[in-house]
1. Tell me the volume per residue, in Å³, of the convex hull enclosing the alpha carbons of the chain.
2. Just to confirm my numbers, what's the Cα centroid distance between the range 1-78 and the range 120-148 in Å?
3. Percent relative contact order of the range 6-158, based on C-alpha pairs within less than 8 angstrom and at least six residues apart?
4. For labels at residue 143 and residue 49 in the simple 7 Å Cα→Cβ model, what's the distance in nm?
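Every number in this text was worked out from the coordinates using simple rules, so none of it is lab data. All of these numbers come straight from a predicted model, not from anything done at the bench. Here the Cβ positions follow ideal geometry from the backbone for every residue, glycine too, while neighbour counts run over all protein chains shown.
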């Protein structure tokens with residue numbers, strides 16, 4: 001599992017803006033169970049240099065993610081994903097077509113957790129090796145958020 005350098009028209013930002021976003025994500029998520037050793041990425045659209053989306057990946061075999069792994073093993077992909085996203089997670093969740101068999105992906109919307117009022121489109125996925133979460137602006141349709149997320153999912157497991 002790795003943060004992809006590019007996938008589905010998105011390019012990993014390795015500049016100061018990208019590093020700042022990754023640092024903020026790491027600080028915000030480091031206290032959440034299962035996310036202590038997560039990997040983070042900030043992405044721009046390939047034809048742009050501006051920040052567009054972010055990605056959080058958790059390797060299920062990592063000790064800090066053992067709760068995610070046991071949910072996946074005991075409940076299966078769809079139920080595990082619903083359980084992980086559960087309370088305080090995205091609303092209006094729709095199940096999408098997974099990138100691989102044995103996995104599940106869903107997309108929904110979420111309001112910024114820092115007290116802001118911006119609505120974001122969020123897609124989460126899980127399979128036997130990873131849990132992923134990708135966040136996009138609300139101007140991105142659910143279908144496009146799903147396409148970006150599936151591309152990131154596939155690339156994260158094949159780089």
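1. Given the Cα convex hull of the chain, per-residue volume reads 105 Å³.
2. Cα centres, the range 1-78 to the range 120-148: 11 Å.
3. Taking the mean separation of contacting Cα pairs over the length of the range 6-158, I get 21 percent.
4. For the pair residue 143/residue 49, the computed spacing is 3.3 nm.
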